[in-house]
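The values are calculated or read from the model by the stated rules, or taken from the named source; none is laboratory data. Since we're looking at a predicted model, the values are computed, not measured. All Cβ positions, glycine included, derive from the backbone under ideal geometry; neighbour counts span all protein chains shown. When the accessible area is computed, the model is the full protein with side chains, heavy atoms only, and any ligands, DNA or RNA have been set aside. Shrake-Rupley method; radii C 1.70, N 1.55, O 1.52, S 1.80 Å.
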Amino acid sequence: MHNDKISLCWKWIFAGIIFTFLAGCTIYAVTDFTRDTAPLQGNQIIKKTYSKAPLSRRELGRLIELTVYNGKPEYYGDMVLDRQSKKHKCKPVIFSHRAHRQHFTCNVCHTQLEFSLSKGQTDITREDYLDGRYCGACHNGKVAFSTEFACDVCHRKVNPSKFNYPAYKETANLPTTKYGDQTDWVTAIEQGLIQPKTFLPEEYMLPSMPLPEHLQQPLNWTTAAPRIIVHFPHRKHMLWLDCSNCHPDLFSIKQTGTVAFDKESNLYGQFCGACHMTVAFPMNGCNRCHPHVKNYTGKKI
Ligand code: HEC
Ligand code: HEC
Ligand code: HEC
Ligand code: HEC
Ligand code: HEC
Ligand code: HEC
């Protein structure tokens with residue numbers, strides 16, 4: 001009888017330990033995304049309302065595991081253009097963002113020269129570029145090498161092992177990050193290590209709209225998951241882009257207009273993911289968009 005009581009008591013203690021352990025795990029699971037760092041820069045936090053519940057930690061972890069970034073650092077940001085070349089049975093064209101963005105801002109190509117911000121959408125013919133459009137605006141022997149020769153500098157196999165990624169070496173001395181193309185382009189431009197041109201010859205120049213006063217400071221807004229804040233600096237984007245690259249196609253200009261965009265669609269390349277999965281630093285650099293979230297190092301979330 002006495003012994004029974006003792007063993008019951010032990011059972012309770014044991015159950016108590018397990019319960020405390022599980023509760024601890026849950027609290028850890030919910031809070032481990034966050035760590036307290038310096039206070040947020042920018043405007044006060046905008047509170048958004050969400051119709052969907054946040055992704056569970058497991059779902060999010062799985063999505064991030066499954067996410068395919070645009071290739072290894074050497075060719076992160078490379079685009080294979082084969083819309084026309086396939087038809088004409090010639091080798092595809094490999095376009096390197098790294099090679100170009102050190103010399104030109106995004107809006108030179110994506111606003112002034114009308115390249116699409118979506119792969120495979122621009123229809124480029126040889127006639128077009130010989131006529132000075134698209135690649136031909138620069139590859140005319142004046143700004144860059146001419147399309148009259150050097151066919152195989154542009155028309156080549158996709159990431160062949162022998163190709164030594166000249167642009168990767170050219171930019172090796174720029175500040176680095178651990179993800180994407182491994183270059184910290186924001187610091188590179190802010191420290192004047194690169195000075196990409198913001199327009200081509202005068203005739204293309206379109207004055208960009210100035211950034212309204214209240215948007216000089218970064219925007220911060222809430223997400224479906226409590227405690228996760230998104231940090232969005234307009235000013236840093238304006239070093240590269242034009243308003244029209246984002247508004248109105250990707251984001252409504254009315255603050256409340258864009259339905260709260262969910263994480264999943266971002267990871268599938270919509271909204272911020274349109275650039276931050278393909279050309280700009282990708283989604284595993286968590287900390288730059290969520291100042292309180294640790295960067296993703298490949299370990300389980
Ligand atoms: C600056 C880069 C560049 C150079 C150099 C270049 N091309 Fe192209 N070429 C392109 C691009 C971009 C396309 C469109 C690719 C696509 O969408 O499939 C293209 C398409 C083509 C096409 C198919 C489309 C059409 O209108 O006929 C042919 C053929 C072609 N190039 C031949 C050549 C030849 C021959 C040379 C060398 C004398 C050459 N290219 C040099 C970039 C280049
Ligand atoms: C020298 C010209 C040039 C510059 C500069 C340039 N791009 Fe591009 N970009 C292209 C071309 C060409 C494509 C392919 C378009 C196509 O396939 O229709 C492309 C495609 C893209 C895509 C589509 C990717 C996809 O997978 O759908 C994105 C996003 C993009 N660029 C963002 C940027 C950003 C951000 C910058 C500045 C950091 C930039 N680009 C600078 C020429 C340029
Ligand atoms: C805004 C000007 C500009 C446009 C538009 C442009 N380029 Fe370039 N490109 C350059 C410059 C500048 C260089 C580097 C200098 C040089 O090699 O002559 C370069 C270099 C290159 C290189 C060699 C470097 C490397 O590592 O890949 C290739 C290939 C190339 N461009 C292809 C293209 C193709 C394809 C297009 C069109 C889809 C294009 N470029 C559009 C300016 C431009
Ligand atoms: C890289 C993409 C990007 C660029 C470039 C960009 N914006 Fe925005 N903008 C956003 C995002 C994201 C939001 C927030 C949208 C939301 O919450 O629905 C926003 C919000 C806004 C808002 C509403 C916010 C408020 O508080 O009033 C205005 C106005 C605005 N942008 C104007 C501009 C102007 C003007 C430019 C060019 C000078 C510009 N944007 C360039 C992405 C961009
Ligand atoms: C049209 C392309 C585009 C879109 C859309 C876009 N960005 Fe960016 N963003 C860039 C480029 C280009 C940079 C410069 C850094 C780089 O290329 O890696 C940048 C830089 C940033 C930085 C600066 C990091 C630093 O070092 O300070 C933050 C934060 C950021 N983006 C967040 C966002 C968020 C959040 C969204 C969506 C609401 C978004 N961006 C949408 C192109 C884009
Ligand atoms: C380029 C910017 C950017 C980067 C990098 C980024 N996120 Fe996000 N994240 C967003 C945006 C925008 C939202 C807002 C989506 C919404 O409104 O729910 C978001 C939402 C979230 C949410 C809350 C919403 C939900 O559905 O659960 C979590 C959690 C989150 N991100 C985690 C991460 C983690 C972990 C990483 C790194 C692996 C990361 N994010 C990297 C832009 C980014």
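Observations
- Rounded percent of accessible protein surface that carbon and sulfur make up, region 73-179, 1.4 Å probe: 55
- For region 73-179, the alpha-carbon radius of gyration amounts to 1.08 times the rule-of-thumb value 2.2 N^0.38 Å expected for a compact globular protein.
- Over region 209-301, the reciprocal of the mean inverse Cα-Cα separation, the Kirkwood hydrodynamic radius, stands at 14.3 Å.
- Over 28 Å apart at the Cα level, from the set Lys119/Lys169; Lys89/Lys162; Lys119/Lys197; Lys236/Lys263; Lys86/Lys236; Lys72/Lys142, are Lys86/Lys236; Lys72/Lys142.
- Overall Cα dimensions of region 133-262 - principal axes, largest extent first, Å: 54, 38, 29
- Largest first, the residues Ile13, Ile189 sort by 1.4 Å accessible area into Ile13, Ile189.
- Here the label points at Thr49 and Glu65, each 7 Å from Cα along the C-beta direction, are separated by 3.6 nm in the simple model.
- Solvent-accessible heavy-atom area per residue, rounded to whole Å², over region 76-221 at 1.4 Å: 62
- With the convex hull of its Cα atoms as the shape, region 64-110 has an orientation-averaged projected area of 5.0 nm².
- GluC sites (Glu not before Pro) within region 111-185: DSSP coil, no more than 11 neighbouring Cβ in 10 Å: Glu114, Glu148
- A Förster radius of 45 Å combined with the Cβ-Cβ distance from Cys151 to Gln270 puts the calculated FRET efficiency at roughly 0.80.
- Local charge for Tyr179 was computed over the other residues whose Cβ lies under 13 Å away, with Lys and Arg +1 and Asp and Glu -1, and equals +2.
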